[in-house]
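Enquirer: What follows is a structure written as structure tokens; I'll ask about it next.
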2 protein chains.
Amino acid sequence: MTRNPIPEIVIGRLPVYLRALTRLLEQGRQVTSSQELGERLGISAAQIRKDLSQFGEFGKQGTGYDIEFLVAKIQEILKVDRVWEVAVVGAGDVGHALVNYGGFHDRGFKIAQIFDNDPDKVGTSYKDIVVMDIAQMQEKIRKAGIKIAMLAVPASVAQEVVDQLVEAGVEAILNYAPVNLVVPPGVRVQYIDPSVHLQTMTYFLD
Amino acid sequence: MTRNPIPEIVIGRLPVYLRALTRLLEQGRQVTSSQELGERLGISAAQIRKDLSQFGEFGKQGTGYDIEFLVAKIQEILKVDRVWEVAVVGAGDVGHALVNYGGFHDRGFKIAQIFDNDPDKVGTSYKDIVVMDIAQMQEKIRKAGIKIAMLAVPASVAQEVVDQLVEAGVEAILNYAPVNLVVPPGVRVQYIDPSVHLQTMTYFLD
């Protein structure tokens, strides 16, 4: 049986469901409902049921969702039931913040490599990861088979670095530089752009 | 005439349209179409037309959108045709990165205040902004009438700081701490969570 591809917007909501469900688990909860999840996330219960139904039958009418089961299922769907090694390019403030970020642990990611072009930074350690010269980036990433990179370089060099990453086999890029990136088909980019988030909220301010 | 409220998901797409349109302007372009925008953003042309039509008639059949006009209109709708002062709480890596971020300029935001509880940081300058003691936060924010804050504190103290921000009059919070925040009705929170973005992409990896 071939299925229609799941819309990207649905995929985009799964990590948000996963985060909320994981928090419920941490709070000692075992069962939840689409109503409760919806209230926590500001998404309609019907939307949540519809999204999840694309992947199978996860809840029973009247008894709700078994949280632990649903967490495991979503982790499997999103392929974060494993640990992905990630490369960070740029060992400035953002790169440093990423290495110290507590939110990768248990969510499927491990920062394995960091690169910079500043001779003062190359060879120093961020936690237990030694900053490597960006000149070695393609070789190191290819050798480790890394598919995911976080880009924390100045906007002026971002595209050039991305071209190198793609050539080295990276297929998913999280971009912190305030610039639009061009990538070939099959490579994905997500943007961390605080202004976009802030502008979403100013609409509601007086 | 009263109108139905615009769905939040539509508001959430406007900043993304604005970013794409601004880039077209920077590239010297004057006119675009919902087709072109859609291709750049991975959103259907019909969706873009429908979203924009909620706010008025911005394009003409067959001639497309005047980019400068549309940019000005969206800025007005999102209330970023002005400059909002923003407070940053937490002068660590993330706070430092935010002060150095090039993407606030011309997008409606200016970091006006920074707070930390570390005596070694209080009194030092980040660019031309002096880090203030978090003990003064409520007074300073209230006095300046600041409505927007970016939260870059450890997860363990995030909720406590948010309670203080809300009491001081803050109504929009961009949260970098990997923790869910509870706020009263009328206060909005957006999350910067790199794991959520990464998990959106792993679905498509082999």
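Enquirer: If the chain between A:Q138 and A:V10 were fully stretched, how many nm would it gain, using 0.36 nm times the residue separation less the Cα-Cα distance? It would help to have the intermediate numbers written out before the result.
Expert: Details: separation 128, 0.36 × 128 = 46.08 nm, distance 3.29 nm.
Answer, rounded to one decimal: 42.8 nm.
Enquirer: So, one more: Where nothing but the Cβ of Lys and Arg (+1) and of Asp and Glu (-1) is charged, how large is the charge dipole of the protein assembly as shown around its Cα centre, in debye to the nearest 20? Don't jump to the answer; show the numbers that get you there.
Expert: On the way: 42 positive and 50 negative charges, 223 e Å.
Here the size comes out at about 1080 debye.
Enquirer: Of B:T63, B:T22, B:T32, which has the largest mean-square fluctuation in a 10 Å C-alpha GNM of chain B?
Expert: B:T63
Enquirer: Next question, about the same structure. Suppose you put the label 7 Å out from Cα in the Cβ direction; list, shortest first and in nm with one decimal, how far B:K110 is from each other copy's label.
Expert: So the label point of B:K110 gives 4.7 nm to the other copies.
Enquirer: Under Stokes-Einstein, with the Kirkwood radius over Cα pairs standing in for Rh, what whole-number D in µm²/s applies to chain A at 25 °C and 0.890 mPa s? Can you show the working numbers first?
Expert: Values: Rh = 19.2 Å.
Taking Rh from Cα pairs, D becomes 128 µm²/s.
Enquirer: Same structure, new question: Would the stretch B:8-77 count as rounded, prolate or oblate if I go by the C-alpha gyration tensor, calling it rounded below 1.5 in a/c and otherwise prolate when a/b exceeds b/c, oblate otherwise? Before the final figure, lay out the partial values.
Expert: Values: a/c = 1.23, a/b = 1.18, b/c = 1.04.
The shape class here is rounded.
Enquirer: Once you have a ≥ b ≥ c as the square roots of the Cα gyration tensor eigenvalues for the stretch B:122-176, tell me rounded if a/c is under 1.5, and otherwise prolate or oblate according to whether a/b is larger than b/c.
Expert: Verdict is oblate for the stretch B:122-176.
Enquirer: Kindly rank A:182-192, A:155-165 from highest to lowest mean number of other beta carbons found within 10 Å of each residue.
Expert: Highest mean packing first, the order is A:155-165, A:182-192.
Enquirer: Given an 8 Å cut-off on Cα distances and at least 6 residues of separation, report the relative contact order of the stretch A:8-77 as a percent. Write down the numbers at each step before the final one.
Expert: Details: 53 pairs, mean separation 26.1, N = 70.
Relative CO of the stretch A:8-77 lands at 37 percent.
Enquirer: Could you list, in their original order, any pairs among A:K50/B:K73; B:K79/B:K143; B:K73/B:K140 whose Cα atoms are separated by more than 26 Å? Working shown, then result.
Expert: Details: A:K50/B:K73 34 Å; B:K79/B:K143 22 Å; B:K73/B:K140 33 Å.
Table pairs above 26 Å Cα-Cα are A:K50/B:K73; B:K73/B:K140.
Enquirer: Per residue of B:97-103, count partner chain C-beta atoms within 10 Å of its C-beta, then hand back the mean as an integer. Please report the intermediate quantities before stating the final value.
Expert: Values: counts 10, 4, 1, 4, 8, 6, 11.
Neighbouring Cβ atoms belonging to other protein chains average 6 per residue here.
Enquirer: Would you work out the Kirkwood radius for the stretch A:54-124? I mean one over the mean of 1/r across all pairs of different Cα atoms, in Å. Each step should come with its number before you reach the end.
Expert: On the way: mean 1/r = 0.0671 Å⁻¹.
Computed over Cα pairs of the stretch A:54-124, the Kirkwood hydrodynamic radius comes out at 14.9 Å.
Enquirer: Using r as the Cβ-Cβ distance of B:I129 and B:L41, and R0 as 41 Å, what FRET efficiency do you calculate, to the nearest 0.05? Each step should come with its number before you reach the end.
Expert: Numbers: r = 34 Å, r/R0 = 0.83.
So the FRET efficiency works out to roughly 0.75.
Enquirer: Tell me which residues come under 5 Å, amide H to amide H, from B:F109 once H is placed; ignore anything under 5 positions away on its chain.
Expert: For B:F109, the qualifying residues are B:W84.
Enquirer: What order do you get for B:I114, B:I43, B:I148 when you list them from fewest to most C-beta neighbours inside 10 Å? Before the final figure, lay out each step's value.
Expert: Values: B:I114 28, B:I43 19, B:I148 24.
Ascending number of Cβ neighbours within 10 Å: B:I43, B:I148, B:I114.
Enquirer: List, shortest first and in nm to one decimal, how far the label point of A:Q136 (7 Å from Cα along Cα→Cβ) is from its counterparts in the other copies.
Expert: Relative to the other copies, A:Q136 has label-point distances of 4.6 nm.
Enquirer: Could you work out the relative contact order of the stretch B:84-195, using alpha carbon pairs under 8 angstrom and six or more residues apart, expressed as a whole percent? Each step should come with its number before you reach the end.
Expert: Numbers: 193 pairs, mean separation 27.4, N = 112.
About 24 percent, as a whole number.
Enquirer: Answer rounded, prolate or oblate for the protein assembly as shown, using the Cα gyration tensor with square roots of eigenvalues a ≥ b ≥ c: rounded when a/c is under 1.5, else prolate when a/b is larger than b/c, else oblate. Don't skip to the answer; put the middle values down first.
Expert: Details: a/c = 1.11, a/b = 1.02, b/c = 1.08.
Because its axes are fairly even, with a/c under 1.5, the protein assembly as shown counts as rounded.
Enquirer: With each pseudo-label sitting 7 Å past Cα toward Cβ, what's the A:L25-B:T22 distance in nm, one decimal?
Expert: Distance between the two pseudo-spin positions: 3.8 nm.
Enquirer: Over the whole of A:77-86, what's the average partner chain Cβ count within 10 Å per residue? Rounded to a whole number, please. Could the numbers behind the result be given before it?
Expert: Numbers: counts 3, 8, 7, 5, 0, 1, 0, 5, 0, 2.
Going residue by residue through A:77-86 and averaging, the value is 3.
Enquirer: Here's another thing I want to ask about it. Can you give the mean number of other chain Cβ atoms that lie within 10 Å of the Cβ atoms in peptide B:12-18? Could you put the intermediate results ahead of the total?
Expert: Numbers: counts 6, 2, 4, 10, 5, 0, 3.
Mean inter-chain Cβ contacts per residue within 10 Å come to 4.
Enquirer: What aspartates and glutamates sit close enough to A:K121 to cross-link, taking a C-alpha to C-alpha distance under 17 Å and skipping anything fewer than 8 places away on the same chain?
Expert: Straight-distance partners of A:K121: A:D93, A:D133, B:D93.
Enquirer: Going by how many other Cβ atoms sit within 10 Å of their own, how do A:F204, A:F109, B:F115 line up, fewest first?
Expert: Details: A:F204 15, A:F109 22, B:F115 27.
Listed from fewest to most nearby Cβ atoms, that is A:F204, A:F109, B:F115.
Enquirer: Select from B:A172, A:N117, A:I43 the residue farthest towards the positive end of the dipole of the protein assembly as shown; place +1 on Cβ of Lys and Arg, -1 on Cβ of Asp and Glu, and compute about the Cα centre.
Expert: A:I43
Enquirer: Also, I was wondering about something else. Which distances, shortest first and in nm, link A:E167 to the matching position in the other copies, using label points set 7 Å out along Cα to C-beta?
Expert: A:E167 label point versus its equivalents elsewhere: 5.7 nm.
Enquirer: With 10 angstrom as the radius, rank A:S34, B:S125, A:S44 by how many other C-beta atoms surround their C-beta, starting from the fewest.
Expert: Numbers: A:S34 22, B:S125 10, A:S44 13.
With the fewest neighbours first, A:S34, B:S125, A:S44 line up as B:S125, A:S44, A:S34.
Enquirer: Using label points projected 7 Å from each Cα along Cα→Cβ, tell me how many nm separate A:V189 and B:D66, to one decimal.
Expert: Those two pseudo-labels are separated by 3.0 nm.
Enquirer: Given Cα pairs under 8 Å that are at least 6 residues apart, what percent is the relative contact order of chain A?
Expert: Values: 262 pairs, mean separation 27.3, N = 206.
Over chain A, the number comes to 13 percent.
Enquirer: Just add up the charged neighbours of B:E26: K/R +1, D/E -1, any other residue whose Cβ is under 14 Å from the Cβ of B:E26. Walk me through the numbers before you get to the answer.
Expert: Details: positive: B:R19, B:R23, B:R29, B:R40, B:R107; negative: B:E68, B:D106.
Charge balance near B:E26 sits at +3.
A short reminder: the numbers here are calculations on the coordinates, not readings from a lab. In this text, all values refer to a predicted model and were calculated from it rather than measured experimentally. Backbone-built Cβ (ideal geometry, glycine too); neighbour counts: all protein chains shown.
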